[in-house]
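First up is the structure itself, then whatever we jot down about it.
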């Protein structure tokens, strides 16, 4: 037995609003939706998943941070903007990633990174 996959489980307050962010903004597809539980499982390329769920929302102001990898950071950032969200500028980090950050409608931090340095 071994651990072979990780799925981010992100707390939300509004299922439709969160689905809009993760599908229109980041390109995930809804593969399971349970309105009575206010829960959805979305999947991106290569099996990357995110589970959004109202029941795991905590009372604290702490936010979740989820880091996703992409092969085309500029196009994905443009998509996030076109969907009506406001990402930070693309930057090259001290640890060698090209990345940008954006918050989902509930304030959870979503970081998007590319392994190779960008030319922009």
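Nothing in this text is a laboratory measurement; each read-out follows from the coordinates by a stated rule. As the structure is a computational prediction, the values presented were derived from the model and not from experiment. Here the Cβ is made from the backbone with ideal geometry for all residues, glycine too, and neighbour counts use every protein chain on show.
Looking only at region 1-10, filter to residues that are surrounded by 13 or more Cβ atoms within 10 Å (Cβ to Cβ) and in contact with a helix residue (DSSP H, G or I) (Cβ under 8 Å, 6 or more places away or on another chain); which one of those is nearest to residue 84 (Cα to Cα)?
10
Conditions: (1) under 24 Å from residue 115 (Cβ atoms); (2) touching a strand residue (DSSP E or B) at 6+ places or on another chain (Cβ under 9 Å). Residue 32 meets all but one. Number of the miss?
Just one mismatch for residue 32, condition (1).
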